[in-house]
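**Student:** Structure incoming, see below.
The values are calculated or read from the model by the stated rules, or taken from the named source; none is laboratory data. Note that this is a predicted model, so its numbers are computed, not measured. Quick reminder, even Gly has a Cβ in these numbers, built from the backbone with ideal geometry, and neighbours come from all protein chains shown.
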Amino acid sequence: MMDAQPVREVVIDTGEIALSGLVAGPAGPAKGLILALHGGSYSAGYWNYRAARGESLMALGADLGFHVLALDRPGYGSSHDFAPARLGLDAQVGFLFDAIDAWGRANGFAGPVFVIGHSIGGILTLLMAAHARSTGLAGIDVLGVPFRFPSTEAGDEVNSWSTTGTHVPPPDTEARKWLLFGPEGTYDPEAFAYDSTLPRPMPVAEYVDALKMPGAWAQVLPAIRIPVQFTLAEFEVMQATGRDTLAEVEALLTGSSNVRVALQTGSGHNASTHHIARAYHLRALAFFEECLAQAANPQLA
């Protein structure tokens, strides 16, 4: 492992939008930059649960030689009051690419860029991968993306939130436990207490767009050319999960140069605050390491 700098707060101003967040990295040169995107109604701290250093993606990625930039996505944190009509998913994709460019210029970084996304952050990650600007990305990892909403009480709940105003209030404590966490024993009470500090209002524009995404995957996923690792949680309740769903996803990723799908056992939706957090983060980082090795040695691809 490399010597790593402490996790610190950052604000990235693209000239159009200022995005707050957290950043960590090695003390010396980095292997790459990992942009980490939280889900709906959350914040950048999702990636920094540190009951032990090895559980936080921020700390673990830095220890293994990556810069990790976890942003409060557009409409959250410092950009909460940004123009509500410009917080749809397509607009956010452009803002996030601009943020990567701005951070790289400010820090003299021009190396490989990876994106890891959770839930709606995972939707954005896949949209970035399908975008024309994706040629600047070396690989992506997503978990908790709604490929399909189930016809269950939980699926109905997610589709029922009010779209009045500019932001959707975050779910209450009991709803979060039901929707976002696995059975008792898959996480610590301390992890849920930490998670309870993270919820933020969700921009209505992104919520409305996210509900439409299951109808768009047949066009989006085949357009992706870069490496993709796609994971669903075993105890997911808000959306379809299981190996049959993963097989459907894999069948659509026909253009990707390297596809991995996985069922993350022992976890509900918020994998990064479950007992398996370290294992999941290591798997994501291992995939990024594989992307680096294959880029340097094409015969491995």
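**Student:** Go through the range 85-115 and give me each residue that's at negative phi and outside any helix (DSSP H, G or I).
**Tutor:** L87, G88, F109, A110, G111, P112, V113, F114, V115
**Student:** When you look at E55, is it among the acidic types (D, E), modelled with pLDDT under 95 and either in contact with a Cys (Cβ under 6 Å, 6 or more places away or on another chain) or within 23 Å of I120 (Cβ to Cβ) (or both), yes or no?
**Tutor:** Yes.
**Student:** Condition (residue is among the basic types (K, R) and crowded, with 21+ Cβ neighbours inside 10 Å) applied to the range 38-61: is it met by at least one residue?
**Tutor:** No, every residue in the range 38-61 fails to be among the basic types (K, R) and crowded, with 21+ Cβ neighbours inside 10 Å.
**Student:** Find the residue count for the range 250-276, including only residues that are in a helix (DSSP H, G or I) and either modelled with pLDDT under 95 or β-branched (V, I, T) (or both).
**Tutor:** 1
**Student:** Going by the conditions given, is R73 among the basic types (K, R), within 21 Å of L143 (Cβ to Cβ) and touching a helix residue (DSSP H, G or I) at 6+ places or on another chain (Cβ under 8 Å)?
**Tutor:** It is true that R73 is among the basic types (K, R), within 21 Å of L143 (Cβ to Cβ) and touching a helix residue (DSSP H, G or I) at 6+ places or on another chain (Cβ under 8 Å).
**Student:** Ok, one more. Kindly provide the set of residues from the range 15-41 that are in a loop (DSSP other than H, G, I, E, B) and either more than 19 Å from G111 (Cα to Cα) or touching a Cys at 6+ places or on another chain (Cβ under 8 Å) (or both), ordered by number. Full working, then the answer.
**Tutor:** Our first condition is that a residue be in a loop (DSSP other than H, G, I, E, B); within the range 15-41, this holds for 15-17, 25, 27-31, 38-41.
Across the range 15-41, the qualifying residues are G15, E16, I17, H38, G39, G40, S41.
**Student:** Okay, moving on. Are there helices (runs of 4 or more DSSP H) fully within the range 116-221 with at least 2 residues that are within 25 Å of A83 (Cβ to Cβ) and in contact (Cβ under 8 Å) with a residue 60 or more places away in the chain? List them.
**Tutor:** 120-130, 204-212
**Student:** Another question, if that's okay. Would it be correct to say that G65 is surrounded by fewer than 24 Cβ atoms within 10 Å (Cβ to Cβ), touching a residue at least 12 places away in the same chain (Cβ under 8 Å) and closer than 19 Å to V7 by Cα?
**Tutor:** Details: surrounded by fewer than 24 Cβ atoms within 10 Å (Cβ to Cβ): yes; touching a residue at least 12 places away in the same chain (Cβ under 8 Å): yes; closer than 19 Å to V7 by Cα: yes.
Yes.
**Student:** Regarding F82, is this residue closer than 22 Å to L285 by Cβ and not in a helix (DSSP H, G or I)?
**Tutor:** No.
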